[in-house]
Amino acid sequence: MLEVSNLACARGDHQLFSGLSFSLEAGELMQVQGENGSGKTSLLRTLCGFMQPIAGEIRWRGQNIHELDESYYAEMVYLGHLNAIKDELNALENLHISAGLSGCAVDEQAALSALRRMGLRRREHLPVKVLSQGQRRRVALSRLLVGNAHLWILDEPLTALDVGAVGLMQELIGEHLSKGGMVIFTTHQPLQVAGVQTRQLVLS
Amino acid sequence: MTRCANATGAVTSKLSLFGLFGLVIRRDLLLAMRRRADVLTTLVFFVMVVSLFPLGVGPEMDMLRKMAPGVVWVAALLASMLSLGRMFSADYLDGTLEQMLLAPQSLSMLVLGKIVAHWMLSGLPLVLIAPVLGLQFDMPAQALWVLILVLLLGTPILSMIGAIGAALTLGLRGGGVLVSLLVLPLCIPVLIFGTGAVEAVNTGMTIVPHVALLGALLLLALVFTPWVTAQALRISME
């Protein structure tokens with residue numbers, strides 16, 4: 001489904017990686033590994049189309065993502081280092097907005113159940129600025145639950161999460177994969193999903 | 001309507017282009033309601049600048065009447081510069097802008113939503129308060145109506161041109177000064193026709209050409225600026 005061929009990326013004059021090829025099929029989980037500064041985030045941002053690769057091609061269902069544009073974006077969700085949530089709004093409002101930006105209108109009940117699943121019961125109506133870092137991350141992650149994307153691109157999804165939330169993430173990723181979804185992520189923490197072989201991609 | 005089932009098993013409906021447009025406007029207005037000081041800054045600045053002129057220049061009615069349209073327009077121009085820096089920067093810093101770029105709808109439409117919200121928060125209040133300020137300059141009622149009309153046509157153009165500048169200077173240090181340097185020269189036509197219309201009605205001439213040109217500028221800006229801003233945002237996000 002997602003094919004990357006001969007990809008090369010640069011940040012300014014500094015070449016991060018080149019000749020990178022891999023493909024990701026439905027139900028597969030891939031972890032991008034590498035030292036700090038090896039280009040993990042740049043790879044994920046290139047997959048999102050934020051950055052232009054200096055060489056190579058990224059194809060989704062056989063077509064270049066820059067030609068697909070909006071129909072590719074409808075099938076993917078990206079969670080970066082930044083949470084993309086507003087301090088002034090509460091968790092529920094934030095979820096409504098981020099779901100809306102990804103093209104889906106969620107009803108109140110679906111949004112509430114997603115937040116509760118993420119362990120934010122009784123925090124739904126608090127302004128996000130009073131929540132802890134880990135709870136903010138949970139608000140951002142709840143976006144995964146209300147979308148209908150096939151491809152999840154997660155950049156360090158586990159930062160600031162406690163052990164319970166890491167377990168929950170493993171569970172969510174497992175469910176997503178079992179439904180034929182695919183996940184590509186970076187992390188420095190161990191993340192194992194039961195019954196699924198994690199493919200490794202090492203950037204050097 | 002397309003339906004999509006998701007991870008929680010809940011059924012959600014797909015958001016249309018106009019649904020998304022409305023969502024962006026509602027979101028920006030809601031955020032402004034929670035941060036009222038930002039909106040008031042623009043308005044208070046506008047009122048202060050315009051009010052200082054009669055005090056500084058002296059109470060000579062003829063002179064005040066003559067300079068009124070120019071003063072109001074220049075103040076409106078400067079006031080709209082004040083809020084430009086905030087147009088995209090908050091969304092840029094917290095990552096929302098990334099998500100906007102990934103929206104499965106036209107980015108130009110999202111940008112237009114943000115421009116409309118920006119105008120409602122920084123342009124519309126100026127239009128509403130301007131007649132009151134015009135009274136300080138002893139402007140006749142007819143001129144006040146024309147002033148409202150041209151401000152109504154002109155301030156959206158300021159927001160639209162400003163959006164391009166704001167998008168281009170996103171993430172730059174000292175972007176605030178740079179944005180003024182970029183945007184102010186482009187706003188000169190709006191200033192000329194805006195003041196021209198009010199002067200025309202004062203001297204008993206027709207305002208039609210000025211208003212028509214402002215309307216044309218507005219349409220032109222409406223067509224091109226959201227798209228240009230969207231491209232500028234993509235460049236800034238690289």
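The values are calculated or read from the model by the stated rules, or taken from the named source; none is laboratory data. As the structure is a prediction and not an experimental result, all values here were calculated from the model. Cβ sites come from the backbone with ideal geometry, for glycine too, and all protein chains shown count toward neighbours. Accessible surface is based on the protein model in full, side chains and every heavy atom, while ligands, DNA and RNA are left aside. Shrake-Rupley method; radii C 1.70, N 1.55, O 1.52, S 1.80 Å.
Of the strands (runs of 3 or more DSSP E) lying entirely inside segment A:1-102, the ones with 3 or more residues being touching a residue at least 40 places away in the same chain (Cβ under 8 Å) and open to solvent by 30 Å² or more (accessible area, probe 1.4 Å) are found at A:2-11, A:55-60. Can you confirm whether segment A:122-129 contains a residue that is modelled with pLDDT of 90 or more and part of a helix (DSSP H, G or I)? There is at least one residue in segment A:122-129 that is modelled with pLDDT of 90 or more and part of a helix (DSSP H, G or I).
For residues in segment B:216-238 being open to solvent by less than 20 Å² (accessible area, probe 1.4 Å), under 17 Å from the mean Cα position of the chain (by Cα) and not polar (S, T, N, Q), which is nearest to B:PHE88 (Cα to Cα)? Walk me through how you get there before you give the answer.
Restricting attention to segment B:216-238, the residues satisfying the condition of being open to solvent by less than 20 Å² (accessible area, probe 1.4 Å) are B:221, B:225-226, B:229-230, B:232-233, B:237.
Narrowing the set further to residues that are under 17 Å from the mean Cα position of the chain (by Cα) leaves B:221, B:225-226, B:229-230.
This time we only want the ones that are not polar (S, T, N, Q), so: B:221, B:226, B:230.
Numbers: B:ALA221: 19, B:PRO226: 13, B:ALA230: 11 Å.
Among residues in segment B:216-238 that are open to solvent by less than 20 Å² (accessible area, probe 1.4 Å), under 17 Å from the mean Cα position of the chain (by Cα) and not polar (S, T, N, Q), the one nearest to B:PHE88 (Cα to Cα) is B:ALA230.
Within segment A:152-164, restricting attention to residues that are more than 11 Å from chain B (Cβ to nearest Cβ) and closer than 18 Å to A:SER102 by Cβ, the residue that is surrounded by the fewest Cβ atoms within 10 Å (Cβ to Cβ) is A:LEU154. Just wondering, is there one or more residues in segment A:165-177 that are modelled with pLDDT of 90 or more, in contact with a Gly (Cβ under 8 Å, 6 or more places away or on another chain) and open to solvent by 40 Å² or more (accessible area, probe 1.4 Å)? No, segment A:165-177 has no match at all.
Of all the numbered requirements in (1) over 23 Å from A:LEU47 (Cβ atoms); (2) not in a helix (DSSP H, G or I), A:VAL166 misses one, and that requirement is (2). Scanning segment B:70-102 for residues that are touching a residue at least 60 places away in the same chain (Cβ under 8 Å) and among the hydroxyl-bearing types (Ser, Thr, Tyr) gives B:SER80, B:SER89, B:TYR92. In summary, A:SER132 fulfils each of the numbered conditions (1) facing chain B (nearest Cβ under 10 Å); (2) surrounded by fewer than 24 Cβ atoms within 10 Å (Cβ to Cβ); (3) polar (S, T, N, Q) with the single exception of condition (1).
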